[in-house]
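Inspection log for the structure reproduced underneath, given as structure tokens.
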Amino acid sequence: MTILGEYLKELRGSLSFGDVQKDTGISSSLLHRYENGSVVPSPEKLEILASFYEKPYKELRLKYYQDIFSDPREREVAREYFNLTP
């Protein structure tokens, strides 16, 4: 599971995937894949979820970045791309 996936699961709490689907229009199967980390939500879907859970979009996006940059290979790619020093 990913940091973002765990957080989405925590936000969902006792709601069912069907409850979230009904109000967001995001399918239950896709919501499940977001939570287990097999699929990353697009920025548009993440914005819908942030609104639904009444959380700032940036807060959810930060969880996504924490997932990416916890991998040393991804940090190195970002350093090279943005010309950052380690």
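Readers should treat all values here as calculations from the given coordinates under stated rules, not as data from a laboratory. Quantities reported herein were computed from a predicted structural model and do not represent experimental measurements. As a convention, Cβ positions derive from the backbone with ideal geometry for all residues, glycine included, and neighbour counts pool all protein chains shown.
In this structure, residue 35 does not satisfy being out of contact with any Gly (no Cβ under 7 Å at 6 or more places or on another chain), of a type in the set (D, E, K, R) and assigned to a helix (DSSP H, G or I). Considering only segment 7-56, state which residues are β-branched (Val, Ile, Thr) and under 19 Å from residue 68 (Cβ atoms). Residues satisfying the conditions are 39, 40.
Summed over segment 1-26, residues that are of a type in the set (Ser, Thr, Tyr) and loosely packed, with under 13 Cβ neighbours inside 10 Å total 2. The residues in segment 12-36 that are closer than 16 Å to residue 51 by Cα and of a type in the set (Lys, Arg) can be counted, and the count is 2.
For segment 39-84, give me each residue that is without any contact (Cβ under 8 Å) to a residue 24 or more places away in the chain, among the polar types (S, T, N, Q) and over 23 Å from residue 14 (Cβ atoms). Of everything in segment 39-84, those that are without any contact (Cβ under 8 Å) to a residue 24 or more places away in the chain, among the polar types (S, T, N, Q) and over 23 Å from residue 14 (Cβ atoms) turn out to be 42, 83.
Candidates in segment 59-86 are the residues that are charged (D, E, K, R) and under 13 Å from residue 4 (Cβ atoms); of these, the one that is surrounded by the most Cβ atoms within 10 Å (Cβ to Cβ) is 67.
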